[in-house]
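Here the structure is laid out as structure tokens; the discussion comes afterwards.
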Amino acid sequence: MTRADRQPWRLGPRGERWFDLGLVVFLLLPAVPYVFFVDVVDGLLMIVQITPLLWRRRHSVAVFTAVALGCAAQAVLTDTPLWSQFAFPVATYSVARYAGPRWALAALGTGVVGAAIAAVDWLRGFGNEMTTPENVTAYFITIALFVVVAWTLGTLGRTRQAYVDALVERGERLQREAAQQAALAAIEERHRIAREMHDVVAHGLTTIVVQADGARAAAAHDPSVTGPALGTIAATGREAIAELRRMLGILRAEGAPTTPQPRLTDLTDLVAEAQAAGTSVSAQLPGADTPVSDGVALTAYRIVHEALSNVRKHAGPGAAATVGVRVDRGALEITVTDDGRGAAATNDGRGLGLTGMRERVAAHDGTLEAGPAPDGGFALCARIPL
């Protein structure tokens, strides 16, 4: 494992129980002989002060209170230090580590006061002449130092645990947010693919249907027109298949080779294709040197693509369309109008063409207006900032 993969060594719940049990047994080793061979009172005091440490993690405040009361009883019953005094710093550490900051400060204050009392009480055991300010200060500083160090270590441990918990919570939150972003990105990608598929399939099939219907209607009067119509159908079908293969290739593998994205210069092919399909189209298109980004050019291409498809589907037979694309005052303006049915055109409500166009234009902070024209027909106007 690398150094970054290594986790800090920690005791589990079972290890913590065994550690506390071992600590208590270790501290009690001198206490048992005290009961039988030295002094019964001192031995019992030691047991009272040490035994509560078994529950110091879950009930740190109660354990500290029991240990502090045992130390207070020691100050009344005996004037000599006991081995069990080490239980007080352990209890102080436990409060600072597992309880809140207020309880920790209370334990620290209790320990400092207890250090002063213990210093005076123990010095009296050697005689009143030993209770000089110098001796009391030295004893007090030594005893209080144990309490302060234990409180500091416990506080650092609690702070570090809170920091680790915050990092874990932040990591989990970031993981949830990343999953949500991935899901949203997948939904957006599906919508984009749906729009692309709609543009390709609807345009190609519309041209094929119009050409097939026209060839069928004209075949009875002039069979010679079926040849060019079938040629247009075949060319449109091949183009649609090529577009579908390109899109499916992107889905199959990343970095798959694709054809260049359509540009403004490709608008002439759209107009020529619509004219070949039997729609009268007049166009005013920009030159090849028009400074337009690839994204804006693709959006313009798709808008004109969809608009001409709608003309063939909804405008009715004999409808003429006008396409205008120009750069004006820092924006690309696209207009597609026809003189067909307009508001009388049928609509099954299942098309996504206008919705897709609005989404494409909105992605570039542009605007799009589409609807029946006042003088008849249908008009579409889009403006995309450059």
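Each residue of the stretch 314-324 was assigned a 3J(HN,Hα) from its phi angle through the Karplus curve 6.51 cos²θ - 1.76 cosθ + 1.60 (θ = phi - 60°); the sequence is 10, 6, x, x, x, 6, 10, 10, 10, 10, x Hz, with glycine and proline shown as x.
Each residue of the stretch 366-379 was assigned a 3J(HN,Hα) from its phi angle through the Karplus curve 6.51 cos²θ - 1.76 cosθ + 1.60 (θ = phi - 60°); the sequence is x, 10, 9, 10, 8, x, x, 7, x, 8, x, x, 9, 10 Hz, with glycine and proline shown as x.
Computed packing ranks the peptides 334-341, 356-363 as 334-341, 356-363, most packed first, by mean other Cβ atoms within 10 Å.
Database remark: amide H of residue 332 closer than 5 angstrom to the amide H of 384, 386 (H placed geometrically; neighbours at sequence offset of 5 or more, or on other chains; Pro and chain starts carry no H). Divided by 2.2 N^0.38 Å, where N counts the residues, the Cα radius of gyration of the stretch 16-75 comes to 1.13.
The Cβ shell under 13 Å around residue 330 holds other residues with a net charge of 0, Lys and Arg each +1, Asp and Glu each -1.
Rule-based calculations on the coordinates, nothing more; no lab input. Values in this document were obtained by computation on a predicted structure and should not be read as measured data. We place every Cβ from the backbone using ideal geometry, glycine too, and count neighbours over all the protein chains shown.
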